[in-house]
Amino acid sequence: MDAKDRKAAIAAYKEIKTPAGVFAVRCAVDGQFWVMESRHLDTHQTSLWFSLRMGSYPDRTLQAAWKTHGEAAFSFDVLETLAEDISPSMVRTELKILSRAWKDRLALPA
């Protein structure tokens, strides 16, 4: 790869948009679910599952359910994604609003 191709590849990589949105982690065994938001929906499940496998996830109820029922009982479901045209400075605010709306819709505590 010459310098020109490399520069073009780097520029193309920087233009890739990662989806942000709200997701649910569901336990098929006991019906519990947790609603969370992420700036990187496409990769968030990998890091979340890693933390749960290591026993280091900060949400104690989710970690306890994971330990009790095992990885096979859980699913990662995207509930809603943000529009791509949202300003980068507003993504965090919009995620909080969207997350709160889903928690209200599903009658979950804050």
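Details
- Enumeration of residues in region 68-88 that are farther than 16 Å from residue 37 by Cα and surrounded by 14 or more Cβ atoms within 10 Å (Cβ to Cβ): 69, 73, 74
- Filtered residue count, region 43-55, keeping only those that are loosely packed, with under 15 Cβ neighbours inside 10 Å and part of a helix (DSSP H, G or I): 6
- Candidate set from region 89-110 (those that are surrounded by 14 or more Cβ atoms within 10 Å (Cβ to Cβ) and small (Gly, Ala, Ser)); member that is nearest to residue 21 (Cα to Cα): 99
- When region 60-87 is filtered for residues that are without any contact (Cβ under 8 Å) to a residue 60 or more places away in the chain, in contact with a strand residue (DSSP E or B) (Cβ under 7 Å, 6 or more places away or on another chain) and not in a helix (DSSP H, G or I), the ones remaining, listed by number, are 74, 75, 76, 77, 78, 79, 80.
- Flag if residue 34 is assigned to a helix (DSSP H, G or I), aromatic (Phe, Trp, Tyr), open to solvent by less than 40 Å² (accessible area, probe 1.4 Å) and modelled with pLDDT of 95 or more: no
- Flag for residue 33 being in contact (Cβ under 8 Å) with a residue 60 or more places away in the chain and touching a Cys at 6+ places or on another chain (Cβ under 9 Å): yes
- Taken over region 1-31, the residue count meeting the criterion of being open to solvent by 50 Å² or more (accessible area, probe 1.4 Å) and within 18 Å of the chain's Cα centre (by Cα) is 5.
- Being of a type in the set (S, T, N, Q), in contact (Cβ under 8 Å) with a residue 24 or more places away in the chain and part of a helix (DSSP H, G or I) is a property that residue 99 has.
The values are calculated or read from the model by the stated rules, or taken from the named source; none is laboratory data. Owing to the predicted nature of the structure, the values given are computational and were not obtained by experimental measurement. Using ideal geometry, Cβ is built from the backbone for each residue, glycine included, and neighbour counts are taken over all protein chains shown. To get the accessible areas, we keep the full protein, side chains included, count just its heavy atoms, and leave off ligands, DNA and RNA. Shrake-Rupley method; radii C 1.70, N 1.55, O 1.52, S 1.80 Å.
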